[in-house]
Amino acid sequence: MSDTSSSKRSAFDRRAFMAGAAGSALVPITARAATEEAKAPAAQDPSLPVEVTLHVNGKDKRLRIDARTTVLDALRDHLKLTGSKKGCDHGQCGACTVLIDDRRVVSCLTLALAAEGQEITTIEGLATDDRLHPMQQAFVDNDAFQCGYCTPGQIMSAVACVKEGHAGSEADIREYMSGNICRCAAYPNIVAAVKQAAPEIMKG
Amino acid sequence: MTAAAPSPKANMGQPVPRYDAAAKVTGRATYASDMPLDNPAYAFLLTSAIAKGRIDRFDLDDAKRVRGVIEIVTHENAPKLKESKLFSNGGYAGTTIQPLKSADIAHDGQIIAVVVAESYEAAREAANRVKVSYTATAPSASFDSPGTTTAAAKGQNAQFKEDPAVGDFAKAFDAAEVKLTAAYDTPTQHHNPMELFSTSCAWMGDNLVIYEGSQFVYGLKNGVAEQLGIDADKVRVVNPYVGGGFGSRGSMTPRTAIIAGIAKRLGRPIKLVPTRDQGFTITTHRAETRQEIKLGANRDGKLLALRHEGAEVSSRADAYCVGGTKTTTRLYACPNVDSLVSIVRADRNTPGFMRSPPEVPYLFALESAMDALAVKLNMDPVELRRINDTTNEPIGGKPYTSRSLMACFDEAAKAFGWAQRSPQPKSMSDGDWLIGYGCAATCYPTQMGPSAARVRLQRDGRTRVEIAGHEIGTGAYTVIAQTAAERLGVPLEKVAVFMGDSDLPPAPVAGGSNSTASTCSAVMMVCDQIRQRLFKAAMPAQSLTDRAKETVGLGQTPATQAAKGDRPLDIEKAFDALGVGVVEEYGEWKPEGAPLDSFRAMHNGQVRLVGGHAMKDQIAYAFGAEFVEVRVNRFTHEIRCPRLVGAFAAGRIMNPRTARSQLMGGLIWGMSSALLEATEIDERNARYVNDNLADYLVPVNADVAGVEVILLSEQDDRINPVGVKGLGELANVGTNAAICNAIHHATGQRIRKLPVRLENIEV
């Protein structure tokens, strides 16, 4: 892994990846990020590691990983960013929610290779200069969590929910926050937190 | 104040924000699988595809060819582990079914192999390539399956000591003017905490560190040591944060010692993150029950006879049961009571505690029956409870230490608008929606266990509290910090709390809603030891013990926190007099009536909870009343629950914010147990079918509309030094009955089988 400050924006080619993963020797797995060394064998044997550069919280992170690694596992096991949580690995619970190019996605169902060149924002990238993001502060103020395991995903989802324009009413918030399960059931407090933070986030 | 932070009433602490709030909103809170490991190998479990039979052979060739595979562990080459006894028989385990010991299969989803590889992806692929040949026999899945055996719980479960009974039930029931007999079914349920059942094991020489979400680090430490055959002092369990427990992490599961053994053999840390579906079979669950209630009353509603019979499913290996009759036979005044709990053995994994284990299923039956009786009597169900309210439990005649049941009913009824209810079923509607109001009582035993704590105070007021308690989302860090700050009179922000580590002084299991009562009593006692030392130094001439007991505040506490007559002590002067920079005290606290071996058991990781109905001269319970509005669509039969109102009295409320949140979550759990949650079982294969978070229905945000929690002021000096009854398991009891009672009110249909889904409604 290495950090570079430049943001390389290589577009990932889904078809090339599919072909590569299926074992075709003709198409390299990643167009620009992979080194020559990793590229050739990767196309022959999908179980060999590939190189990928992820742009996480404003920094480029270069990784050598199994091609099947999800964004979630790349963050947790390879980048030591363990704020994003694994609750189901099936896209059913939302604990792994991160922003990719400002859209909320379940990182357990997103391959790291597919996120190359895109901007990934995790819970660790939300606070600035030790000041909590308004949504984080609102979760504290409204006691919007208990065990805290779903909380990073809830907060990332909540930030996107507001930016999508889905925080206009309590009913809207409830509906558009329903992809994130909280087993402790802090739901009414989560709704209150989103309501509190929404105006400040929309202001900019 | 926001709704999240209700103003404290009498005998309530301040609603300060959570101690761990910043860590939890920034992603810095580290759960088991977040802990960094040095060059870990990754484990992936393979679980049985049959429920009964044996493994004939494994074909591992294909799996071993996967690049990065290190080892595949089956019963043929697994590390040898010692057997562990069930927690209720003096052991630590939640099941005595020990996987990887032989070729035998005791239940579907039993661990049959562990694949270890350089990456998670390789371990998973290899596990999928293992071929297993079985000889399967037809399993018994549940009630009504051929091949199950049924026997009374008494005599086979060490913790089920009696089938409570008093008077002459048969005669009284026979003679009663109004009678009711009804059967109730509750389903299998799985805890599904958000954190998966991850375990990481790392050895440093002979010392083992386990990172695993646990509700009982001392139990896990001692249990794993016993299985590995090593000294318990060589095992350390670390989990500063636990991603939900709900009972699933209270007792040891087989996975931990297995992973520890493999890590030892490989000489490398191993990280296991089981899948969500594996979590359904490698831990425990709430067993399905079948119950029957008989109530006999006179025309005025006075209960004369009550009989409660319950049957619960357990595994072939273990006689687990929850036996909720200990509570339901004591809730109301009734002179003639009978009960019987039996256990049905099937080819299943052993069930275990799940949030309010006895009360959720058993109060569903009782509180549904009480509502039905009220209808028979043409009486307001609240009034029926009032008529049968009691200060003494009927079985042994012991007095409740305090009991605010009817105060809870009255407060909640007022907030809910119960007076607006028209009593006739099907008499309220709003367009296409039939409206029903329902209510039920809740109660939960007050329990305490022996606990130790270490507290260190510096002359600048900085305080460090060490206790191997557990933060499972309850607010444990917060209330322990508040206790120390109040007792020592130091500002809250100067208190640091360390928990979730078995190297710290022992605390009881975070179960049975005992944590706050036990840990805060211990912390309070140790803080008092510090105060005594300081007072002895600062005021050598004064009478020490009494003075120290009466005096709160070491100089910096706000006046509001000091009790009447207290006076502050200059902390710096006291330190000067002592001639030290730090005062540190360790202490061990045990509740009144705790057995003689309490402290030894505490260090050995064995549970010695006392309280509830099992106290010598009294009985201690927390109480509450819950009111719900249900709407049933007359065409689609869709069921909605727009309002849940609960009023609760549980002794001292340490922090109204964390208390409200926990009770709110409990009410939603209660709603869920009525309308959503059930593990479906394929009866042919004794297999859980909906073993994922899309098919096992838990509430999402859109399922929850109005939830109101009312905290009643209650003082009870007879239970424990902090006066806390515990409320983590109070709110999700009775809600299921309240909802079915409301459905009856809306539709005229009495539903006695949970969960209620739209296909069960016949409008």
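Each value in this text was obtained by applying a stated rule to the coordinates, not by laboratory testing. Nothing here was measured: the structure is a model prediction, and the numbers come from that model. Neighbour counts are summed over all protein chains in view; Cβ atoms, including those assigned to glycine, are modelled from backbone coordinates with ideal geometry.
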_Partner chain coverage, peptide B:694-701 - average Cβ within 10 angstrom_ = 6
*asked:* Just to check I understand the Karplus step: with θ = phi - 60° and J = 6.51 cos²θ - 1.76 cosθ + 1.60, what whole-Hz values come out for the stretch B:149-155, glycine and proline as x?
replied: 10, 10, 8, 4, 5, 4, x
*Would you mind checking the stretch B:48-68 for residues with the amide N under 12 Å from a putative spin-label position 7 Å along Cα→C-beta of B:LEU266?*
B:68
*asked:* Under 5 Å between amide hydrogens, which residues at least 5 positions from B:ASN392 or on another chain qualify, with H placed 1.01 Å from N in the peptide plane?
replied: B:TYR400
*Give, to the nearest whole percent, the P(r) tail of the stretch A:45-96 beyond 13 angstrom, counting all Cα pairs.*
60 percent
_Förster radius 22 Å - calculated FRET efficiency between B:GLU162 and B:ARG600, Cβ distance, rounded to 0.05_ = 0.25
*Within straight cross-link reach of A:LYS61, meaning Cα distance under 17 Å, which aspartates and glutamates are found once same-chain residues fewer than 8 apart are removed?*
A:ASP3, A:GLU51, A:ASP73, A:ASP77, A:ASP101, A:GLU116, A:GLU119, A:GLU124
*asked:* Full-extension gain between B:ALA151 and B:ALA614, please, as 0.36 nm times their residue separation minus the C-alpha to C-alpha distance.
replied: 164.3 nm
*Compute the Rg/Rh shape ratio of the stretch A:50-204: radius of gyration over Kirkwood radius, all on alpha-carbon atoms.*
0.97
*Provide the descending list of Cα extents for the stretch B:154-240 along its principal axes, expressed in whole angstroms.*
73, 30, 20
*All-pairs alpha carbon distance profile, the protein assembly as shown, 10 Å steps from 0, percent*: 2, 11, 20, 24, 21, 13, 6, 2, 0, 0
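Of the listed pairs B:LYS9/B:LYS302; B:LYS52/B:LYS161; A:LYS59/A:LYS85; B:LYS590/B:LYS616; A:LYS80/A:LYS203, which have alpha-carbon separations greater than 26 Å here?
B:LYS9/B:LYS302; B:LYS52/B:LYS161; A:LYS80/A:LYS203
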*Roughly what % of DSSP beta bridges within the protein assembly as shown run antiparallel, to the nearest 5?*
75 percent
*Extension reserve of the B:ALA577-B:LYS9 stretch, reckoned as 0.36 nm per residue once the Cα distance is removed*: 200.6 nm
*What longest region of chain B stays clear of GluC sites (Glu not before Pro) that DSSP places outside H, G, I, E and B and that have at most 15 other Cβ atoms within 10 Å?*
B:178-591
*Evaluate the relative contact order of the stretch A:118-176 (contact order divided by residue number), counting alpha-carbon pairs under 8 angstrom at least 6 apart; express in whole percent.*
27 percent
*Under a plain spin-label model, where a point goes 7 Å from the Cα along Cα-to-Cβ, how far apart in nm are B:ALA49 and B:ASP503?*
4.5 nm
*Report, in deg cm²/dmol and to the nearest 500, the calculated mean residue ellipticity at 222 nm for chain B, where each DSSP H run with n ≥ 4 adds -39500 (n - 2.57) and the sum is divided by the residue count.*
-7500 deg cm²/dmol
*Applying 1/(1 + (r/R0)^6) with R0 = 25 Å to the Cβ-Cβ distance of A:LYS59 and B:ASP206, what FRET efficiency is obtained, to the nearest 0.05?*
0.05
*So which aspartates and glutamates can B:LYS326 reach, going by Cα to Cα under 12 Å and dropping same-chain residues fewer than 8 places off?*
B:GLU162, B:ASP163, B:GLU309, B:ASP338, B:GLU359, B:GLU393
_Relative contact order of chain B, defined on C-alpha pairs under 8 angstrom at six or more residues apart (%)_ = 17 percent
*With a cut-off of 15 Å, note down the residues of the stretch B:634-661 whose backbone N falls inside the zone around a label point 7 Å from the Cα of B:ALA182 toward its beta carbon.*
none
*Distance in nm between label sites at A:HIS90 and B:GLN749, each 7 Å beyond Cα in the beta-carbon direction?*
2.9 nm
*Work out how much length B:ASN89 to B:TYR586 would gain on full extension: take 0.36 nm times their residue separation and subtract the Cα-Cα distance, in nm to one decimal.*
175.9 nm
*So, in nm, how far is label B:ASP432 from label B:ASN690 when the simple model puts each one 7 Å beyond its Cα toward the Cβ?*
2.3 nm
*Surface/4 estimate of mean projected area, convex hull on alpha-carbon atoms of chain B, nm²*: 33.2 nm²
*Treating the beta-carbon of each Lys and Arg as +1 and of each Asp and Glu as -1, no other charges, what is the dipole magnitude of the protein assembly as shown about its Cα centre, to the nearest 20 debye?*
700 debye
